[in-house]
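**Student:** Supplied in structure tokens, the structure appears directly below.
None of the figures in this text is laboratory data; all of them are computed from the coordinates on show. The structure displayed is predicted, hence computed values, not measured ones. Cβ sites come from the backbone with ideal geometry, for glycine too, and all protein chains shown count toward neighbours.
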Amino acid sequence: MEIIKQNLLNIQSQLPKNVTLVAVSKTKPVADLMEAYNAGQRVFGENYVQELVEKHEALPKDIQWHFIGHLQSRKVKLIAPFVNLIHGVDSLKLLHEINKEAQKNNRVIDCLLQIFIAEEESKFGLDEKELTEILSSDEFKKLKNIRIIGLMGMATFTENHNQIKKEFQNLKTIFDKVSKQKTDNCQLNTISTGMSGDYQLAIECGSTMVRIGSSIFGNRNYNN
């Protein structure tokens, strides 16, 4: 178990102060999360709603929970009471649902809009035109219980370093263009991209939030 603490401290020592580490703990048992917690980690990312709910109930209440999977509208209500940040929001419809459930819980929920930067059909996300249309729409500006704090993107799953770098740079370029648009519910200050295999490159290209799982907890275990 001590290996989790060692992995975590090693990664933390490499990160600039302006970069937030999200420990991706999907499929990992509570004991593993507690070891990371005891080593000082407070931000955890989960992909599955039910698993997130169960871990939130079982673990210390000062943990910041990020939902980093593809969120279905009908499941927003389950995490709305406590989630700190929802990554990967890719439609105005989903923003409406998050806003509705946040209002019921008397909260403002922070969100990241997911931008499609990869050359893979399986990835989700908005293109630059769709992003601009959402942020400039009156419909969006009326949503008082959500706050867009940044953009999120997932690079192509490839060993082509140059391609990954180009995709990270594309996300930063889009962020720089739209970050000037400030409204009550949109204050862009976060770029979330980069995972275990490419987070250092992502940071070089402007990422301020990295999602790291296997480099902390080891390979994913689907039997937990």
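**Student:** Indicate the gyration tensor shape class of segment 126-224 (rounded, prolate or oblate), computed on the Cα atoms with a ≥ b ≥ c the square roots of the eigenvalues: a/c under 1.5 is rounded; otherwise a/b larger than b/c is prolate and the rest oblate.
**Tutor:** Prolate shape, in that a/c is at least 1.5 and a/b is the bigger ratio.
**Student:** Between Lys182 and His70, what's the calculated FRET efficiency when r is the beta-carbon distance and R0 is 25 Å? Round to 0.05. Mind showing how you got there, number by number?
**Tutor:** Numbers: r = 28 Å, r/R0 = 1.11.
So the FRET efficiency works out to roughly 0.35.
**Student:** When only C-alpha pairs under 8 Å and at least 6 residues apart count, what is the relative contact order of the chain, in percent?
**Tutor:** 20 percent
**Student:** Would you work out the charge dipole size for segment 101-197 about its Cα centre, treating the Cβ of every Lys and Arg as +1 and the Cβ of every Asp and Glu as -1, and quote it to the nearest 20 debye?
**Tutor:** Roughly 520 debye for segment 101-197.
**Student:** Now for a different question. Using alpha carbons only, how many angstrom separate the centre of segment 155-224 from the centre of segment 114-143?
**Tutor:** So the separation of the two Cα centres works out to 16 Å.
**Student:** Given labels modelled 7 Å from the Cα in the Cβ direction, how far is it in nm from Phe157 to Asn18?
**Tutor:** Output for this residue pair reads 3.2 nm.
**Student:** If you take the beta carbon distance between Asn84 and Glu2 as r and set R0 to 22 Å, what does 1/(1 + (r/R0)^6) give as a FRET efficiency, to the nearest 0.05? If you can, show how the numbers build up before the last one.
**Tutor:** On the way: r = 28 Å, r/R0 = 1.27.
Approximately 0.20, to the nearest 0.05.
**Student:** Starting at the first residue of segment 147-157, write each ³J(HN,Hα) from the Karplus equation 6.51 cos²θ - 1.76 cosθ + 1.60 with θ = phi - 60°, in whole Hz, x for Gly and Pro.
**Tutor:** Karplus values, whole Hz, x for Gly and Pro: 9, 7, 10, x, 10, 10, x, 10, 6, 4, 7.
**Student:** Now a separate question. Would you mind getting me the FRET efficiency between Leu9 and Leu59? Use the beta-carbon distance for r and R0 = 22 Å, nearest 0.05.
**Tutor:** The value I calculate is 0.65.
**Student:** Now a separate question. So if I place +1 on the C-beta of Lys and Arg and -1 on the C-beta of Asp and Glu, and nothing else carries charge, what would the dipole magnitude of segment 20-106 be about its Cα centre? I want it in debye, nearest 20. Mind showing how you got there, number by number?
**Tutor:** Numbers: 11 positive and 10 negative charges, 63 e Å.
Here the size comes out at about 300 debye.
**Student:** If the elastic network links every pair of Cα atoms under 10 Å, which of Leu59, Leu201, Leu21 fluctuates the most in the Gaussian network model of the chain?
**Tutor:** Leu59
**Student:** Give a residue-ordered list of calculated ³J(HN,Hα) values for segment 44-59 (Karplus: 6.51 cos²θ - 1.76 cosθ + 1.60, θ = phi - 60°; whole Hz; x for Gly, Pro).
**Tutor:** 10, x, 10, 9, 10, 4, 4, 5, 4, 4, 5, 5, 4, 5, 8, 10
**Student:** Where a ≥ b ≥ c are the square roots of the eigenvalues of the C-alpha gyration tensor, would you call the chain rounded, which needs a/c under 1.5, or, failing that, prolate if a/b is larger than b/c, or oblate?
**Tutor:** oblate
**Student:** Could you compute the longest span of the chain free of GluC sites (Glu not before Pro) located in DSSP loops and having at most 10 other Cβ atoms within 10 Å, not counting the site residues?
**Tutor:** Working: sites that count: Glu121, Glu159.
Formally, the longest exposed-site-free interval is 1-120.
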